[in-house]
Amino acid sequence: MSYFSLFRIKVDKKKCISCGKCEKICPMNVEVPCNSRNKKNATECILCMKCVEECPQNALKL
């Protein structure tokens, strides 16, 4: 559903430090730092927002 959804987690590449915390906390194992709609497991995102909460640089947003 997130593939077609208007609501997606987006990454601000200027703020992202590639620490990997967002990927580690994701319960669906989504490759969070990649903005592409073609990323592995992107359709599995349930928008739980755990990655947004975990990001130390506030680089993730809806």
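The values are calculated or read from the model by the stated rules, or taken from the named source; none is laboratory data. Since this is a predicted model, take the numbers as computed values, not measurements. Positions of Cβ are backbone-derived with ideal geometry, glycine not excepted, and every protein chain shown enters the neighbour counts.
For segment 37-49, a residue qualifies if it is modelled with pLDDT of 80 or more and either within 18 Å of residue 12 (Cβ to Cβ) or loosely packed, with under 13 Cβ neighbours inside 10 Å (or both), and the qualifying residues are 45, 46, 47, 49.
Would it be correct to say that residue 56 is of a type outside the set (S, T, N, Q) and modelled with pLDDT of 95 or more? Let's see the steps before the verdict.
Values: of a type outside the set (S, T, N, Q): yes; modelled with pLDDT of 95 or more: yes.
Spelling it out, residue 56 is indeed of a type outside the set (S, T, N, Q) and modelled with pLDDT of 95 or more.
Report, by residue number, each residue of segment 9-28 that is among the basic types (Lys, Arg) and not in a loop (DSSP other than H, G, I, E, B). Before the answer, list the steps.
First, pick out the residues of segment 9-28 that are among the basic types (Lys, Arg): 10, 13-15, 21, 24.
10, 21, 24 - these are the residues of segment 9-28 that are among the basic types (Lys, Arg) and not in a loop (DSSP other than H, G, I, E, B).
Taking every residue in segment 2-17 that is farther than 7 Å from residue 59 by Cα and pairing it with any residue that is modelled with pLDDT under 75, at least 6 positions away or on another chain, the pairs with Cβ-Cβ distances below 7 Å are 2/42; 2/43; 3/37; 3/42; 3/43; 8/2; 10/35.
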